[in-house]
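A.B. asks: This structure is in structure tokens; I'll ask about it shortly.
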Amino acid sequence: MEKYSIMKSMNMHPKKGKRTILEMTQILKRHGYCTLGEAFNRLDFSSAIQDIRRFNYVVKLLQLIAKSQLTSLSGVAQKNYFNILDKIVQKVLDDHHNPRLIKDLLQDLSSTLCILIRGVGKSVLVGNINIWICRLETILAWQQQLQDLQMTKHVNNGLTLSDLPLHMLNNIFYRFSDGWDIITLGQVTPTLYMLSEDRQLWKKLCQYHFAEKQFCRHLILSEKGHIEWKLMYFALKKHYPAKEQYGDTLHFCRHCSILFWKDSGHPCTAADPDSCFTPVSPQHFIDLFKF
């Protein structure tokens, strides 16, 4: 079921999907992307994190690697991984952009390292064990820094969020695709809290991320018989993956056999370039190197 959903999201036929992934993998290998670590090294993720459209994509990729692929990276790739992670953390500490996302990444990474350092995983760690202990200590220090992070209040006489009319504030809420972002913004003022509790808002969020048949399996009703869409959203998140949304994603060109960022594009020589492009999500990126 999981492989089928991956193939479906990449517009692959279930009977031909494996062959297509294998073909993409073989093409990448011919162009020097033999392992996940080599691909990770060759793609300039250090520059990508400076672009707000690509930031979340890179963070999600690092989180997936932290959960299951860390030991598959070479020593050079692991060093590159932690260098990029360091830049991400410093960026968040400087501009306060999406700290919750980084906290989740560090939590997954610290959990993985604790298991590997204390358990049988020691044998699969590349390098001296003391280096990994130092890395774990650095991660714990980063977690503390993010925990202590205080959002500075900018004082000016210009227009503030509270000055916007209700319909504009409401439109802002409907732009969010993550329920925690809605809750966080709703804590700013009583007016924003009122807007964040709108049942229609949470209904739209549920419909965006989940299928109607999933609603029926986890239906939550109030005492008056109304559907509790907000509670349902978080209940559904525990059972099903939410739809991923990125400002920019990596794409694979079957004609030119390269990976590239969609917004940057590339000079494809095919007669119909768009038909040659396949979106590559962070999970798909890792899956390409499992064959």
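The values are calculated or read from the model by the stated rules, or taken from the named source; none is laboratory data. Predicted, not measured: the structure shown is a model, and the values here were computed from it. For the accessible areas, the whole protein counts, side chains as well, though only heavy atoms, and no ligand, DNA or RNA atoms are used. Shrake-Rupley method; radii C 1.70, N 1.55, O 1.52, S 1.80 Å.
A.B. asks: Accessible area per residue of the stretch 178-239 at 1.4 Å probe, in Å²?
C.D. replies: Normalised by residue count, the accessible surface of the stretch 178-239 is 64 Å².
A.B. asks: Would you kindly derive the ³J(HN,Hα) couplings of the stretch 67-82 from the backbone phi angles with the Karplus curve 6.51 cos²θ - 1.76 cosθ + 1.60 (θ = phi - 60°), listing them in order in whole Hz, with x for Gly and Pro?
C.D. replies: 6, 9, 10, 4, 6, 7, 7, 6, x, 5, 5, 5, 5, 5, 4, 6
A.B. asks: Quick one: if you take sqrt(5λ) for each eigenvalue of the C-alpha gyration tensor of the stretch 216-291, what semi-axes come out, biggest first, whole angstrom?
C.D. replies: Over the Cα atoms of the stretch 216-291, the semi-axes work out to 41, 14, 10 Å.
A.B. asks: Now for a different question. Give the Rg (one decimal place) followed by the Dmax (whole number) of the stretch 178-239, computed from C-alpha coordinates and expressed in Å.
C.D. replies: So, for the stretch 178-239, Rg and Dmax equal 11.9, 36 Å respectively.
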